[in-house]
1. Which residue out of Leu29, Leu37 is assigned to a strand (DSSP E or B) and either within 18 Å of Ile114 (Cα to Cα) or at pLDDT 90 or above (or both)?
2. Being within 15 Å of Arg47 (Cβ to Cβ) and assigned to a loop (DSSP other than H, G, I, E, B) is the filter; apply it to region 72-103 and report the residue that is least open to solvent (accessible area, probe 1.4 Å).
3. Would you tally the residues in region 54-71 being assigned to a loop (DSSP other than H, G, I, E, B), among the β-branched types (Val, Ile, Thr) and either open to solvent by 30 Å² or more (accessible area, probe 1.4 Å) or modelled with pLDDT under 90 (or both)?
4. Could you count how many residues in region 57-89 are aliphatic (A, V, I, L, M) and within 15 Å of Phe112 (Cα to Cα)?
5. Quick one: what pairs do we get from region 56-72, first residue closer than 11 Å to Ile94 by Cβ, second β-branched (Val, Ile, Thr) and open to solvent by 40 Å² or more (accessible area, probe 1.4 Å), C-beta under 6 Å, 6+ apart or different chains?
Amino acid sequence: MSIESEIPVLPDSPTTAAVSESPSEIEPLAEATSVQLRVGTARHEGRSWKGFTDPFTKTTSVVVAHAEELLNGAPVKGQAPIRVSNIIPGNGKIDCLIEVEWDSPLTYRVKFLIAN
């Protein structure tokens, strides 16, 4: 099966072009001038929108997030699933939806990798 046939085409999007397997043909983002790692800590259970302040973030930033449970300030292999979704970069901030599947508040840390 070719890679092209595995790429879904959204109903209102133009047809996708063939994808090359060769890394030499992948162009880097021209506007990516810096990459930052930022960390925010919070405590809650359930589903909640959280906002994190970051002076390097712009509306055009590419943001990737990772969440980890903390115990006494150190990451642990907890049993509670923690998800970060709907990441919205803004000017000087990052908003995201965080879901903690536990019946009491947990302390967790979110690490953001930001490319500008």
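The values are calculated or read from the model by the stated rules, or taken from the named source; none is laboratory data. What you see is a predicted model; the values in this text were computed from it and never measured. Heads up, the Cβs are rebuilt from the backbone with ideal geometry, glycines too, and the neighbour counts pull from every protein chain shown. Accessible surface is based on the protein model in full, side chains and every heavy atom, while ligands, DNA and RNA are left aside. Shrake-Rupley method; radii C 1.70, N 1.55, O 1.52, S 1.80 Å.
1. Residue meeting the stated conditions: Leu37.
2. The selected residue is Ala80.
3. 2
4. 9
5. Taking only residues 6 or more apart or on different chains, the pairs are Val63/Ile87; Ala65/Ile87.
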